[in-house]
1. If you project the alpha carbons of the range 1-132 onto their three principal axes, what span does each projection cover, largest first, in Å?
2. Normalised by the residues of the range 87-163, what does the relative contact order come to in percent, with Cα pairs under 8 Å and at least six apart?
3. Which order do peptides 193-204, 53-64 fall in by mean Cβ count within 10 Å, highest first?
4. Below 8 Å, C-alpha to C-alpha, sequence gap of six or more: please give me the relative contact order for the range 1-76 in percent.
5. What order do you get for 38, 237 when you list them from fewest to most C-beta neighbours inside 10 Å?
6. Regarding the range 87-163, what is the average projected area of its C-alpha convex hull, in nm²?
7. Under a point spin-label approximation (7 Å from Cα along Cα-to-Cβ), what is the residue 251-residue 159 distance to one decimal in nm?
Ligand SMILES: [Zn+2]
């Protein structure tokens, strides 16, 4: 499949198809901009598939090893940077610990607290609400041991942090940028995808700039932003800019029929939960794939969630996890993570 054949954003699709076909002169830095839910992340992933596909020259097959590992976000050649990537991971560690408190899990939480402290140190002086959280985290959690009561309390603070529009911590970016120089391992190209690239601080932007001024040969960088205004002009001028338009009604309908459920639909009623009551293991596994596609579409591209859905699927197919268990897990997943799509 070529990108122009995808629903919506034909101009962007055609442009990216052209990039794929001129592999010797392939631009390495892209800025994908457009409003929320306009398919930026989705196109980024499809574009990356087309660049790496093992069986198609001018598009992607969707079934080869490369296409599959990209779809599952499981390739180590994909570096995904988010404004605040760690909250969900941190939260899952806390939940895991609360379920069964063990020393080894405490250490993991301590490590996350440390990362959080670094983040807050970077940002606290700029925002009063972060400053307050910093004080509490430092006094109550960083200096002392963890126990279940504290883990519960930490969850409350993480919820507060979720509400704040965050910057990408520079230490985190540095860590990721180091990996850029390790040549790609499974795929032809390596992808550095930065969501909310406008959230990089000037210092972090300059660090990025060094990478894109002399990128490793196999690196593709895609910055995602709603608009280009917050992005360093020197990054902007070095990037190929691709504009995305919101899907209109007909296109949303088409997406729904092509990829199964839409997020509107997921929340609209209990119809779906009722529907999958009657699904067998095979149908449930297909449903999980549809759900993953929907998540990509509505800009909730997220390794954690994809990994979770993959785990459910493999549990179902290979480890005798009961369909009833998977149904329940999916119900909880949808309730928590599938926000109302506009
Ligand atoms: Zn392929």
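Read the figures in this text as sums done on the coordinates, not as results from a lab. Keep in mind that this is a model prediction, so the values were computed, not measured. Counting neighbours? That spans all protein chains shown, and the Cβs are built from the backbone with ideal geometry, glycine included.
1. Projected onto its principal axes, the Cα set of the range 1-132 covers 51, 35, 27 Å.
2. Details: 46 pairs, mean separation 31.8, N = 77.
It rounds to 41 percent for the range 87-163.
3. Values: 193-204: 20.4, 53-64: 15.9.
Per-residue Cβ counts within 10 Å, averaged per peptide and sorted highest first, yield 193-204, 53-64.
4. Numbers: 82 pairs, mean separation 19.7, N = 76.
RCO, the range 1-76: 26 percent.
5. Numbers: 38 23, 237 8.
By the 10 Å Cβ count, ascending: 237, 38.
6. Average of the hull's projected areas for the range 87-163 equals 4.5 nm².
7. Here the answer is 3.6 nm between the modelled labels.
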